[in-house]
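The values are calculated or read from the model by the stated rules, or taken from the named source; none is laboratory data. Keep in mind that what you see is a predicted model, and the values were worked out from it rather than measured. We place every Cβ from the backbone using ideal geometry, glycine too, and count neighbours over all the protein chains shown. Remember, those area values only see protein heavy atoms, side chains included, never the ligands or the DNA or RNA. Shrake-Rupley method; radii C 1.70, N 1.55, O 1.52, S 1.80 Å.
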Amino acid sequence: MIRLLVVEDSKTVQRALVAAFEADPEFKVIGTAETGEEAVEAARTLKPDLITMDINLPGMDGFDATRAIMSSCPVPIVIVTGKMNPKDSATLFRVMEAGALMVLSKPDPVGSPGYQASVDYLIHHLKLMAEIKVVRRIFPSGKTIPRTERPVPLPPVQPVKVVAIGASTGGPPLLRQILAELPERFPAAVLVVQHMAVGFTENFVHWLNRSSKLPVQLGTDGAQLIPGQVYVAPDHFHMEVTRSGRILLTDAAPEHGVRPSVSALFRSVAHCYGRQAMGVLLTGMGKDGALELKAIRGRGGITVAQDRESSMVFGMPGEAIEIDAAQHVLPPGGIIELLHRVTSKGASAVSS
């Protein structure tokens, strides 16, 4: 039984969410809150197993409420919100930096054709998030304490033309940290698959651009890969690469239950770029990308998995390590240092 706290200021939406959750025998709604202050108090007194949190709340918003809960009585928190405009994306991803595990859309209106499917999708992911063990976060001066990392000795690495990065739960803040540390003249194209609720990927790109020295954009079918550009897989499509250095978007069947999948990207990168490729598998549930990371290694490319201690969820990188797919197992600082060592003899476009 998952004991759930629902934080939502609209009574109508709140009632609909509670009804949807309580229709599932694995959920028990033990409380509701309409403000951030109420959410913090309810988290402290009720000690739920999981919290669904709206962002736009009267008084203390979802960002501040999440920070307060994660610093005092940490609980898995999932943001459940409506569609957001790009101008709101900074707030959305600040909540994830504060410790929220995932962002999911509210269900379609009751009685609409897509209602049951949207409810099923939400409940499925909430059950997964309820299993994650979270830790207390400390926010001095409004910022998280940076993780202290021991210097990691790294060997020389060969130049690469393409860096492919896959991430899921816990990925957005980490990707932002990595991209912010890459130099403006980074000599490889960077391709990113981040598992994310449909409708938020464009906002994610907008948010990354606020801190990245490299331009970040959604991948488009047929686009030529350019060194120093970051391409994020769009909703509904697998993002692959071709031997001619272009992006290929396909609507092939989901892999590991997701589309875009890390597996599709890594597989094409291994096939088309071999030893001129680098694959990086970050925090996330499941095993998307693990086997294909090994394919990159088998073709002579550089492969990296995030270490257990720094991963919010050690599923994807753990699977890669288990099958010996990762040459390097590193914390974020080590990953950034390795990326700085990647050099390429610069062409204006990336081709094999």
**OP:** Can you give me the number of residues within region 95-142 that are more than 16 Å from A65 (Cα to Cα), of a type in the set (K, R) and in a loop (DSSP other than H, G, I, E, B)?
**Re:** 2
**OP:** Would you be able to tell me the number of residues in region 27-44 that are of a type outside the set (S, T, N, Q), open to solvent by less than 90 Å² (accessible area, probe 1.4 Å) and touching a strand residue (DSSP E or B) at 6+ places or on another chain (Cβ under 6 Å)?
**Re:** 7
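On the given criteria, is S141 at pLDDT 90 or above, among the small types (G, A, S) and out of contact with any Pro (no Cβ under 8 Å at 6 or more places or on another chain)?
No, not satisfied.
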**OP:** Spot the failing condition for V134; the list is (1) modelled with pLDDT of 90 or more; (2) out of contact with any Ser or Thr (no Cβ under 9 Å at 6 or more places or on another chain), and only one is missed.
**Re:** (1)
Original post:
Counting only residues that are within 12 Å of G279 (Cβ to Cβ), open to solvent by less than 10 Å² (accessible area, probe 1.4 Å) and outside any helix (DSSP H, G or I), how many does region 322-341 have?
Top reply: 1
Original post:
What are the residue pairs meeting all of these: first residue in region 200-225, first residue more than 24 Å from I79 (Cβ to Cβ) and open to solvent by 10 Å² or more (accessible area, probe 1.4 Å), second residue assigned to a loop (DSSP other than H, G, I, E, B) and among the charged types (D, E, K, R), Cβ atoms under 8 Å, and 6 or more apart or on different chains?
Top reply: K213/E184
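Every residue, every condition in (1) closer than 16 Å to V134 by Cα; (2) without any contact (Cβ under 8 Å) to a residue 24 or more places away in the chain; (3) among the β-branched types (V, I, T); (4) not in a helix (DSSP H, G or I), yes or no:
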| site | (1), (2), (3), (4) |
| --- | --- |
| L17 | no, no, no, no |
| I51 | yes, no, yes, yes |
| R67 | yes, no, no, no |
| P74 | yes, no, no, yes |
Original post:
Restricting attention to region 221-235, does a residue exist that is under 15 Å from the mean Cα position of the chain (by Cα), assigned to a helix (DSSP H, G or I) and under 23 Å from H124 (Cβ atoms)?
Top reply: no
**OP:** Pull up region 275-305, narrow it to residues that are touching a residue at least 60 places away in the same chain (Cβ under 8 Å) and polar (S, T, N, Q), then point me to the one that is least open to solvent (accessible area, probe 1.4 Å).
**Re:** T283
**OP:** Would you point out the residue of region 255-274, among those that are part of a helix (DSSP H, G or I) and aliphatic (A, V, I, L, M), that is surrounded by the most Cβ atoms within 10 Å (Cβ to Cβ)?
**Re:** V262
